[in-house]
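The structure under discussion appears below in the form of C-alpha cells.
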Amino acid sequence: MSEIRDEKLAPSGRRKIDWVIDNMPVLGSIDQDFIKSKPFKGLKIAMSIHMEAKTARLACVFKDAGADVYATGSNPLSTQDDVAAGLASRGVNVFAWHGSTPKEYDRHLSRCLEIGPNIIIDDGGDLVNMMHRKYQKLIPNVIGGCEETTTGIQRLKAMDADGKLLFPMMMVNNAQCKFLFDNRYGTGQSVWNGINRTTNLIVAGKKVVVAGYGWCGKGVAMRAKGLGARVYVTEINPIKATEAVMDGFEVLPMKEAARIGDFFITVTGCRDVITTEHMKTMKNGAIVCNAGHFDVEADVKGLAKIAKKKVLRRDNIMGYYLKKDQCINVLAEGRLVNLAAGDGHPAEIMDMSFSIQALTAQYLAKHGREGLAMLNAIPEYIDQEVAERKLKFLGVKIDYLTPEQKKYIASWNE
C-alpha cells in the first residue's frame with residue numbers, strides 16, 4: 001500500500017531509526033507503556049510529518065500502541081527516502097518521497113486522508129487544511145488532531161476565527177516542553193547544522209541577520225552569537241524587538257540589514273520578509289535561507305525572475321546572479337534549511353516534543369471530543385509528566401513542595 005521511492009533503501013532507514021531510538025529515552029518509556037495498554041487499538045492515525053528518523057520513531061510508537069498508521073511528508077525536500085522505506089518495512093503505510101512535485105505531494109496527503117483517520121498528527125497544517133477542503137464527508141470520523149508548529153497553529157487560529165475549523169485540535173507547539181526546548185535549542189542547533197554542512201564557511205566574524213525573534217529566532221540568534229557572529233535582528237513586534245536589544249543584539253529594519261548581512265535566516269512564519277528589493281541591495285556572496293515552515297519568507301521566485309542567470313554552486317546552494325559581480329546564494333530552495341539541507345533537530349530535543357505528541361494523542365483517544373473546544377491547550381499534567389521523565393533520564397533530582405508549602409502558596413491571607 002505504501003508509495004515510496006525505493007524499498008531497497010530500507011536497511012539504511014532502519015539504521016537511522018534505531019539510532020534515534022537509542023537517543024529518545026522519554027518516548028521509549030512511553031512506548032513501553034503503550035505496548036501494554038494499546039490506547040490506539042482500532043484507531044486510524046494520519047500523520048503529515050517531516051519524513052526523517054525521529055518522526056518515523058513517533059509513527060512506530062503509534063503502531064506499537066495498536067493504531068493503523070498512515071504517514072506522509074510535510075515538506076517535499078525534507079523527506080529522506082531511506083527513512084520512508086525503513087518505516088514502511090516496519091508496517092507503517094508511507095506515502096512520501098524526496099523532491100515530490102506539488103501534484104505528488106497533494107496525492108500523498110490524499111492517500112493518508114482517504115482512509116478516514118480518527119486522529120490527525122499535523123506539521124504545518126496541510127492535512128487539516130486538505131481534510132476541510134476535500135474530505136469533509138470524513139470529518140465525523142475525526143476525534144481530533146495535534147499540531148506541531150507555530151505556523152500550523154497560525155493557520156488553525158485563522159480557520160477558527162472564520163468558523164471553519166470543524167474538529168478539535170490540540171496546540172502541541174504551545175506546550176512548554178515543546179517551544180522552550182524544540183523551538184529554541186532544537187531550531188538554534190539544527191539551522192546552523194544545516195547552514196554549516198551546506199556552505200562549509202566560517203561564521204565567526206560574519207554579520208548574521210535573523211528575521212523574527214520568537215522562540216525559534218532566539219535560538220538561531222543565540223547559536224550565531226556562540227559561533228562568533230555579529231548578530232542583527234529584524235522584527236515587527238516592539239516587545240520582541242525590545243527583548244532582542246536587551247539580549248545584546250542590534251535591531252534594525254530589513255531594508256538596512258539587507259545591505260550589511262553575510263547570512264540571512266528568516267524565522268517568522270510570514271511571507272515576503274526578504275523581497276527582491278532587499279536582495280538587490282545585498283553584497284556579493286550573501287547567503288539567504290529560511291527556517292520558517294513554508295518557502296514564502298524570502299521571495300525566491302521573484303529573485304529567479306530578476307536574475308541574469310542562476311548556477312548550482314554546491315549541493316543545496318543555488319546562486320542567482322543579479323550582476324556579474326553580485327551573486328545571491330539561496331540554500332535549499334528557500335525551504336526549511338534545517339531539514340531540506342540537514343537532519344532536523346537533535347534526537348534528544350525531539351524526544352520531548354514527540355512525547356508531548358504521543359501523550360496528547362492518547363488524551364484524545366481516551367476523552368474524545370467531550371468538553372473540547374476547536375483549539376485547545378495541552379493539559380498541564382502532560383507537560384509535567386514529560387519534564388519529570390526527561391529529568392529521570394538525565395539523572396537529575398529536584399525538590400518538591402511540602403504540604404505546608406503547598407498550603408502557603410494556595411492561601412491569600414497569610
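Just so you know, all these numbers are worked out from the coordinates, no wet-lab data involved. In this text, all values refer to a predicted model and were calculated from it rather than measured experimentally. Using ideal geometry, Cβ is built from the backbone for each residue, glycine included, and neighbour counts are taken over all protein chains shown.
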Point-charge dipole on Cβ atoms (K/R +1, D/E -1) for the chain, about Cα centre, debye to 20: 1140 debye
Within the stretch 185-340: Cβ-based charge dipole about Cα centre, in debye rounded to nearest 20 (Lys, Arg +1; Asp, Glu -1): 640 debye
Between helix 25-37 and the chain: long-axis angle, C-alpha atoms, 0 to 90°, nearest 10: 30 degrees
Summed residue charge, Cβ within 11 Å of G205's Cβ, Lys/Arg positive, Asp/Glu negative: +2
Around T234: net Lys/Arg minus Asp/Glu count, Cβ-Cβ under 12 Å: -2
Size-normalised alpha-carbon gyration radius of the stretch 246-311, reference 2.2 N^0.38 Å: 1.13
Options A258, I49, L165, ranked by Cα towards positive dipole end of the chain, top entry (Cβ charges): A258
Among V245, V311, A224 - extreme Cα towards positive end, dipole of the stretch 208-319, charges at beta-carbon: V311
The stretch 185-340: relative contact order as a whole-number percent, Cα under 8 Å and 6+ apart: 22 percent
Cα-based Rg and Dmax for the stretch 367-414, where Dmax is the largest Cα-Cα distance (Å): 16.2, 42
Relative packing of 57-64, 26-33, which averages over residues the other C-beta atoms within 10 Å, highest first: 57-64, 26-33
Relative contact order %, the stretch 217-300, counting alpha carbon pairs below 8 Å whose residues are six or more apart: 25 percent
Between helix 53-64 and the chain: long-axis angle, C-alpha atoms, 0 to 90°, nearest 10: 10 degrees
Set of aspartates and glutamates near K308 by C-alpha distance (under 15 Å), chain-local residues within fewer than 8 positions excluded: D325
Relative contact order of the chain, defined on C-alpha pairs under 8 angstrom at six or more residues apart (%): 16 percent
Acute angle (nearest 10 degrees) that the helix 10-22 long axis makes with the longest principal axis of the chain, alpha-carbon atoms: 70 degrees
Of K206/K283; K157/K366; K366/K407; K16/K103, pairs whose Cα-Cα distance is over 22 Å: K157/K366; K366/K407; K16/K103
Unit charges on C-beta of K, R, D, E only; dipole of the stretch 38-169, Debye: 380 debye
Cβ crowding within 10 Å averaged over residues, with 315-324, 157-166, 338-347 ranked highest first: 338-347, 315-324, 157-166
Shape category assigned to the stretch 199-271 from the gyration tensor of Cα positions, a/c cut at 1.5: prolate
Share of Cα-Cα pairs in the stretch 185-340 lying beyond 23 Å, as whole percent: 27 percent
Dipole axis of the stretch 366-414 (+1 Lys, Arg; -1 Asp, Glu on Cβ), positive-most option in L372, W412, V386: V386
Tensor-based shape of the stretch 12-131 (alpha-carbon gyration tensor, a/c under 1.5 rounded, otherwise prolate or oblate): oblate
